[in-house]
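Reviewing the structure listed below.
No lab work stands behind these numbers, since they all come straight from the coordinates. Model, not experiment: these values are computed from the prediction. Cβ placement follows ideal geometry from the backbone for every residue including glycine, while neighbour counts extend to all protein chains displayed.
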Amino acid sequence: MLFRSVACIWSAARRAVAVVLAMGAAWVAMWHAQLHTADGFGRAASDVAWSSPTVARLRQAVDRDHRLATAASLRHADRGGTADVRVVGAYEPALSLLATRYGNLLAGRPADGHAVNFQVRRPSAWLDRLAVSHLLAPAQDASVGASFRGWRRIAELDAGLALWQHPSPRARIEVPGRILVEPDPRAAVLRLAELQADTVLLSTALPHTPGARTRWQVTQDRAQVLELDIDTDQPVVLVVRDAADAGWHASLDGRDASWSLCDGLFQAVAVPDGHHQLSWTFHAPGLRSGAWLSLAAWSGLAVAAW
C-alpha cells in the first residue's frame, strides 16, 4: 500500500514538473517572438513586406556585383533573399561573430556587442567594404538625407520608401591595389576606418603584384557555388566580399587554393599568373554527422514508443 502511494505521488510530481517546464518554455517562446513581431503585429503585409513594383525596381537597380542596405529604422534586410535581391543583412541569430562586428559598427554600437541586423545609420568604410551600391530608407526620414548627402536619391517606392544610390560603390569581386597583414579579425575590422580604399587587410600574407593586368568572368554564381575564369599576367590576390565561413572551400584548377580572411570578414585567394578556373563551394560543417545523430535519435524514440 505504501509503495503504491509513493508511486502515485512520484507520478503526479513528474507530471507537474513537465507541465511547469512546458508552460515556462511556451512563455519564453512567446516573449522572444514578441520582440521580433511587436513592430509589425496587426499591420498590413504591404507595410512590412516589399510590393511587386518595389521588388522589380530593386532588382533593376542592384546588380549581382553589389548589395542593398537598409536604414536603421527598417527591418527589410531579411527579405532580400526571398525577393532575389542581394542584400546586406541576416536574421540576428544567423549572424556569425565576424559579421556581427560589421553589423554593430554600422548601427553605431560597440564592435563586440550583441548581434544586430545590418542597420545603416551613416556612410562608412564598413558599408563600402560590403559592396553596397544602394540604400533603402523611409522617404520622410530627414536624417537619411542629412547623413547621405553624397548619395543620390533615385526612386520613390511604395509604402513610403525611397532608394538612394552610392556615388562610387566598390565591387563584390576585386583585385586590391595594396595588401597589409593583420592576423586579428577584430583589429582588422576596427582598422578599416583609417585605411585607403584600395588597401585590404589579410589574416595571412599572400603573393600579390600591384598593377597586374587581370581579367575575370563569373561563370556560375549561386548561394553555395561561385565559379569564375581568371587571367592575370602576374600573381595577384582576388577578393570575394562574401562572408567567410568554415564551410567554404576554395579550389584553383581543381586543387586546393591558398586563401586568407580579408578585412576581418571576407575571402581572398592567391592566384598565380596565367589562365585559371577558380571556384568556391560551400558544405555545411557537421551536416552529415548531424543527419546521422538525428536518425539515431528518431530510431531511439521509435523503439521507446514501441
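Here are the numbers for this structure:
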quantity: Length added when fully stretched, S299-V218, from 0.36 nm per residue minus Cα-Cα; calculated: 24.7 nm
quantity: Karplus 3J(HN,Hα) series, Hz, for segment 104-114 with 6.51 cos²θ - 1.76 cosθ + 1.60 (x for Gly, Pro); calculated: 5, 5, 5, 8, x, 10, x, 4, 9, x, 4
quantity: Pair I9, T209: separation of 7 Å Cα→Cβ label points (nm); calculated: 8.5 nm
quantity: Value of D in µm² per second that Stokes-Einstein yields for the chain, Kirkwood Rh from Cα pairs, at 20 °C (1.002 mPa s); calculated: 95 µm²/s
quantity: Debye intensity ratio I(q)/I(0), log10, segment 225-271, q values 0.23, 0.24, 0.31 Å⁻¹ (C-alpha model); calculated: -0.88, -0.95, -1.43
quantity: The chain: relative contact order as a whole-number percent, Cα under 8 Å and 6+ apart; calculated: 12 percent
quantity: Antiparallel bridges, percent of DSSP beta bridges restricted to segment 167-237 (to nearest 5); calculated: 65 percent
quantity: Calculated from backbone phi, Karplus (6.51, -1.76, 1.60) coupling profile of segment 144-158 in Hz, x at Gly/Pro; calculated: 5, x, 6, 6, 9, 4, x, 9, 9, 7, 10, 7, 9, 10, 5
quantity: Potential extension, Q277-R178 segment - 0.36 nm per residue separation minus Cα distance; calculated: 33.3 nm
quantity: Note, ³J(HN,Hα) from phi for segment 79-87, Karplus 6.51, -1.76, 1.60, rounded to Hz, x at Gly and Pro; calculated: 8, x, x, 5, 9, 6, 10, 6, 10
quantity: With 5 Å bins from 0: P(r) over segment 121-260, alpha-carbon pairs, percent; calculated: 2, 8, 15, 18, 17, 15, 11, 8, 5, 2, 0
quantity: Top of T100, T70, T214 by mean-square fluctuation, Gaussian network on the chain, Cα under 10 Å; calculated: T214
quantity: FRET efficiency estimate (nearest 0.05) - Cβ-Cβ, W31 to S258, R0 41 angstrom; calculated: 0.30
quantity: For A257, distant residues with modelled amide H under 5 Å away; calculated: A250, S251, L252
quantity: Projected label distance in nm at I154 and D245, using a 7 Å step from Cα toward the beta-carbon; calculated: 2.9 nm
